[in-house]
Structures are given as structure tokens and as C-alpha cells.
């Protein structure tokens with residue numbers, strides 16, 4: 001709603017958007033809508049702020065990855081500007097923008113000059129993996145099964161933990177072509193300084209169906225304060241009755257970040273188990289979540305599976321998210 005008031009010239013609403021975004025962790029919040037708002041409202045100034053916020057993420061975590069979609073789109077719409085050049089000048093007085101630029105232009109041509117992306121294949125990954133901060137997810141889209149197997153072989157042989165972690169990012173999107181025991185061993189490691197390695201190993205495990213993985217997840221969910229790390233392991237390992245545990249987990253939290261971190265795995269669990277009793281679970285998410293994108297996913301999935309209550313359906317007409325209001329017009333009878 002703040003965006004609409006800001007577009008009408010309300011300076012307080014605009015200030016709220018800026019303050020909210022500056023306090024964002026781009027990994028934990030539903031930030032893309034706010035970024036779109038910033039660019040819509042303030043154009044180049046919005047781009048500069050986005051670069052600064054991502055730069056702060058790079059300073060805190062060198063493994064963080066962001067692509068350049070916002071900048072590329074703005075560059076296309078404003079061909080008379082050289083966005084990289086402008087950001088480079090800003091970076092002389094702002095180290096965070098420099099962090100962002102370092103990650104953005106590393107190993108690729110400048111935006112506005114580039115005609116096509118490099119050929120991201122096994123050879124490219126093999127050559128660059130020690131140099132890049134992280135292998136972005138879009139690179140893995142066109143890899144062949146033969147290339148995935150070769151990368152898995154390299155991952156198994158790799159001794160450097162930092163590089164091994166980078167290999168694991170690929171297997172969050174492609175199922176690891178060998179037995180999952182290696183991944184489970186990494187995910188269960190108690191050795192220090194392996195946070196990302198363990199996180200990515202769990203994400204890779206979420207693509208497998210196994211009683212062993214299920215038992216590991218259920219045991220961890222009894223005690224963890226980070227349930228999203230383990231609920232994802234039930235996407236392919238859900239059993240009837242698990243909705244009791246899953247409801248108890250989400251019922252504990254009112255913190256926006258905790259709720260937001262959980263929603264992806266819950267949506268995927270239900271999509272893979274449409275007979276599960278998730279109505280009450282999704283109603284908790286709907287009431288506690290402020291992310292319009294995922295609330296849309298919730299109400300759409302509930303409607304498609306005939307578990308959307310009339311009371312929620314009536315509220316959709318007045319939702320702060322434009323897409324949800326459009327969805328209401330589509331489904332109203």
C-alpha cells in the first residue's frame with residue numbers, strides 16, 4: 001500500500017519504503033517487490049540504493065549471489081544512460097556499491113555492451129569455480145546430465161571446503177547423480193565453519209526420497225530453532241500425519257522472517273501431497289505473512305484445491321497486493 005501512496009506524492013510513504021528496504025536482509029525478506037517499487041518511484045536513485053543494499057550483503061557474506069536483472073531492465077529502458085559508469089562514480093564514495101560492482105561485473109562484460117551471455121558449461125564452471133563468489137542458479141539450467149555427473153565427480157574429489165561448497169550450489173537445482181550418503185554426512189557435520197556447506201547439502205538432499213533422510217529431518221525438527229533447514233527434507237518424504245508436526249512448527253512463530261523462510265517448503269510439500277490436510281496450516285501463513293507474492297501462492301493453491309474459506313475469499317478484494325485483488329476478480333462468482 002505504501003507504494004501506491006508514494007506514487008501519489010506522499011513523502012511519508014516514500015520514506016517508509018526507503019527505510020524498510022535499507023533494513024532488509026535480501027536473503028530473508030520478500031524484497032523484489034520493494035526493489036521494483038524503488039525503481040518505479042525514483043529510477044536511478046532507486047538503482048543506487050539497491051546496489052548499496054546488495055553490497056552490504058556481499059561485505060557480510062562473500063558467498064552471497066545476486067544477478068543484475070534490475071539494472072539490466074533499467075538500462076534497456078534508458079539506453080541514453082550508462083548505468084555501470086554512474087555506479088562506478090558513486091562507488092568512489094561508497095564502498096558498498098563497489099562491493100556490488102565487483103560481484104556484478106566479475107567475469108562478464110559491462111551491461112549495455114554485452115550482446116550475449118558466455119557459454120555456461122562444464123568447462124566454464126571448471127575454470128571459474130575457484131574465482132567466482134558463487135555459481136548462480138541460472139547457469140545450471142542448461143547443463144547436460146553428462147556435465148552434471150562430471151561436476152559431481154569433481155565435487156567428490158575436491159578437498160577445499162570453499163570450492164566444495166560452490167559445487168554444492170549446483171545440486172540444489174540438479175539432483176546429485178550418486179547416492180545421497182555423502183550429502184547426508186556433510187549436512188550432519190558437527191565441525192565448525194561449515195554453515196553454508198551444511199545448508200547447501202540439506203537443500204541438495206531435499207531432492208531425494210528416503211526413509212533415512214526423513215528420519216534425520218524428523219529428529220532435527222524436534223529441537224531446531226531453524227525449522228526451514230529441515231522442513232524442506234519432507235518435500236519428497238512427507239507421510240500422512242506429518243501435518244500435525246508441521247502445524248505445530250508454524251504455530252510457534254509470529255516473526256516475519258521465520259514465517260517467510262518456512263513457506264516455500266510447505267507449499268512444495270502440499271503440491272507433492274495434495275491429499276494432506278493443510279487448510280489450517282495455510283490459514284496460519286495467510287494471517288501472519290506480509291509477503292504478497294507468497295500470500296498469492298497460498299490463496300491460489302487453496303482455491304485450486306477447494307480449501308479456500310469464504311471468509312478469506314471475501315477479504316481478497318481488499319488485499320494490499322494488486323495481484324491478489326486481480327485474482328479475486330478472476331474467481332468471484
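All of the numbers you see were taken from the coordinates with simple rules; none came from a lab. These numbers come from a predicted model, not from an experiment. Glycine gets a Cβ as well: all are built from the backbone with ideal geometry, and neighbour counts include every protein chain shown.
So for the stretch 121-208, Kirkwood radius off the Cα pairs, Stokes-Einstein at 10 °C and 1.306 mPa s: how many µm² s⁻¹? Kindly include the intermediate steps, with their values, before the conclusion.
Numbers: Rh = 12.9 Å.
Taking Rh from Cα pairs, D becomes 123 µm²/s.
Calculate the tail of P(r) for the stretch 160-256: the fraction of all Cα-Cα distances greater than 22 Å, expressed in %.
30
So, in nm, how far is label residue 182 from label residue 264 when the simple model puts each one 7 Å beyond its Cα toward the Cβ?
So the two model labels end up 2.3 nm from each other.
Arrange the following residues from fewest to most other Cβ atoms within 10 Å of their Cβ: 236, 260.
Ordered by Cβ neighbours within 10 Å, fewest first: 236, 260.
Any number yet on Rg/Rh for the stretch 242-333, C-alpha, Kirkwood?
Radius of gyration over Kirkwood radius for the stretch 242-333 works out to 0.94.
Which of the peptides 171-183, 308-320, 223-235 is most tightly packed, and how do the rest follow, going by the mean number of other Cβ atoms within 10 Å of each residue?
Values: 171-183: 17.1, 308-320: 14.0, 223-235: 19.2.
Going by the mean number of other Cβ atoms within 10 Å, highest first, we get 223-235, 171-183, 308-320.
What FRET efficiency, computed as 1/(1 + (r/R0)^6) with R0 = 41 Å and r the Cβ-Cβ distance, is obtained for residue 194 and residue 318, rounded to the nearest 0.05?
0.30
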